[in-house]
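A quick write-up on the structure given underneath.
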Amino acid sequence: VRLLRALLADTEQLRRAGQLPPPLDAGMVVQQLPPPGVVSAANWPEVLRAVLWLLPELHETEESRSALAALQRSDYPDLSVAHKLALLTPLTERCLSVETIRQELADNESRRKELARELREKQQALKRDEREAK
């Protein structure tokens, strides 16, 4: 649910990057990328199905096309691990291209480095205090 919401948070960028029309035989109601607020614990499999059909990356390889076909025939939990991986890999790669996610990752990395530096400084201060106490 969170992955889909994060991806759909920047639908404008996704549309600019390319959105395929769904196939006529897909039997889908959603024909555009939905807003992130639509995704819930109850409907995420159907939103996932719609989003996956609309992303061009998922039509590039035979493995992806096979996984999409399997998703049309069964529910997501019933898919093989290989099919799930074939579907989720391009989805996560697309998420990494969303600017808000990239910025959040960069901010988290900066914060991690800052906290690591603070930890080293405190450890050094503790060692220094320990030496001085002896």
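First check a/c for the stretch 39-78, with a ≥ b ≥ c the square roots of the eigenvalues of its C-alpha gyration tensor; if it is under 1.5, answer rounded, and if not, answer prolate when a/b is larger than b/c or oblate otherwise.
Oblate shape, in that a/c is at least 1.5 and b/c is the bigger or equal ratio.
Could you give me the ³J(HN,Hα) list for the stretch 74-79, computed from phi with Karplus coefficients 6.51, -1.76, 1.60 and θ = phi - 60°, whole Hz, x at Gly and Pro?
So the J values, rounded to whole Hz, are 8, 7, 4, x, 8, 6.
Hey, any idea what % of the stretch 44-132's accessible area is carbon plus sulfur with a 1.4 Å probe?
Accessible surface attributable to carbon and sulfur in the stretch 44-132 totals 53 percent.
Using a Förster radius of 22 Å, what is the FRET efficiency between T61 and Q103 based on their Cβ-Cβ separation? Nearest 0.05, please.
0.15
Please give me the summed charge of the neighbours of P90: other residues whose Cβ is under 11 Å from its Cβ, Lys and Arg +1, Asp and Glu -1.
Net of charged neighbours comes to -3.
Label-point separation (nm) for R111 and D129, each offset 7 Å from Cα along Cα-to-Cβ?
So the two model labels end up 2.6 nm from each other.
Quick query: amide H of D10 versus all other amide H atoms, modeled in the peptide plane; which residues come in under 5 Å with a sequence gap of 5 or more or a different chain?
The answer is none.
How many nm is it between the label spots at T89 and A42, if each spot is 7 Å from the Cα in line with the beta carbon?
3.5
The values are calculated or read from the model by the stated rules, or taken from the named source; none is laboratory data. Since the structure is predicted, the reported quantities are computational estimates derived from the model, not experimental observations. All Cβ positions, glycine included, derive from the backbone under ideal geometry; neighbour counts span all protein chains shown. Just so you know, the surface numbers come from the protein's heavy atoms only, side chains and all, with ligands and any DNA or RNA stripped out. Shrake-Rupley method; radii C 1.70, N 1.55, O 1.52, S 1.80 Å.
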